[in-house]
1. What residues have an amide H closer than 5 Å to that of residue 198, excluding those fewer than 5 places away on the same chain, when H is modeled at 1.01 Å from N in the peptide plane?
2. Mind giving me the FRET efficiency for residue 40 and residue 100? R0 is 22 Å, r the Cβ-Cβ distance, nearest 0.05 is fine.
3. Separation between the residue 67 and residue 119 pseudo-spin-labels, each 7 Å from Cα along Cα→Cβ, expressed in nm?
4. For the range 170-220, rounded, prolate or oblate, judged on the Cα gyration tensor with a ≥ b ≥ c (square roots of eigenvalues), a/c < 1.5 rounded, else prolate if a/b > b/c?
5. Quick one: 3J(HN,Hα) in Hz for the range 155-161, Karplus 6.51/-1.76/1.60 with θ = phi - 60°, rounded, Gly and Pro as x.
6. Can you tell me the length gained on complete extension of the stretch residue 148 to residue 195, counting 0.36 nm per residue apart and subtracting the Cα distance?
7. Take residue 82 and residue 49, extend 7 Å from each Cα along the Cα→Cβ direction, and tell me the distance between the two endpoints in nm.
8. Under 20 Å from a point 7 Å along the Cα-to-Cβ line of residue 74: which residues of the range 87-116 have their amide N that close?
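Nothing in this text is a laboratory measurement; each read-out follows from the coordinates by a stated rule. The model shown is predicted, which means the values in this text are computed figures rather than measured ones. All Cβ positions, glycine included, derive from the backbone under ideal geometry; neighbour counts span all protein chains shown.
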Amino acid sequence: MKRALVASTLVLLGATGCGVLFPGQFAAPIGQAPRQEAPVACGFPAGTVLEYAGRSTTAELHVQEVVGDPMSDDPADIYITRDAFDQGELRGRLVCAIFVNDPSFVEITVHPDDGGRVEPPTPQPSTTPPAGGVSRTQAIEAGRAHVEDGHEWRLAVADAGPIGQVIPHVLEDDHYEWAAGLVADRWIWRVHLVRGDEGVDVVVDYVDGSVLGTASYRVN
């Protein structure tokens, strides 16, 4: 859908002679104002009624296709249809953005509320460890030293990798305040110690061996 919308009912034409709006013109939803038509560049069928026509940004109107797209903050003349149109598997209102800094660039998408938002891909943690770093033995020693009476605890697991793969729940749970700000590809050692029905993960920085935090459990 990005940058050009291939529609079963629409034919998208070039942006030449699009007649962009002047700043402030139709800066609010049209409502009861006389019907205005979008430029030919938007490819809307003749007589298409607009819900909105004005100069803004797609981010400000919350109609950007991808949240975080740098172009969503660029000023554009934006036209939103009142009615929904069939677009292959989607049916929804259409959003046409003609960017002020490059009027030849036209973006036509389905309104996000009608299913036209694309979720950005989730970055995958790196599988390549940083150069250097502490050894497994050093990480275990750091883990035991951090836990009271650490010599009484049995080592269950000591593995290394991106925290988003090794112990992802600490990034998702607000309870672990020490994990705030950590990124999924931060490499760590997870030292899992057990004593009786108690278990604790000691999270050790892979590079410098410092203890980042702990996560405690009850072991069944």
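1. Distant-sequence amide H within range of residue 198: 219.
2. Working: r = 18 Å, r/R0 = 0.81.
Efficiency for this residue pair is about 0.80.
3. It is 1.1 nm.
4. Oblate, since a/c reaches 1.5 and b/c is not below a/b.
5. For the range 155-161, the Karplus-derived couplings read 6, 9, 8, 9, 9, 10, x Hz, x marking Gly and Pro.
6. Taking residue 148 through residue 195 to full extension adds about 15.8 nm, to one decimal.
7. Distance between label points: 0.3 nm.
8. Within reach of a label on residue 74: 95-112.
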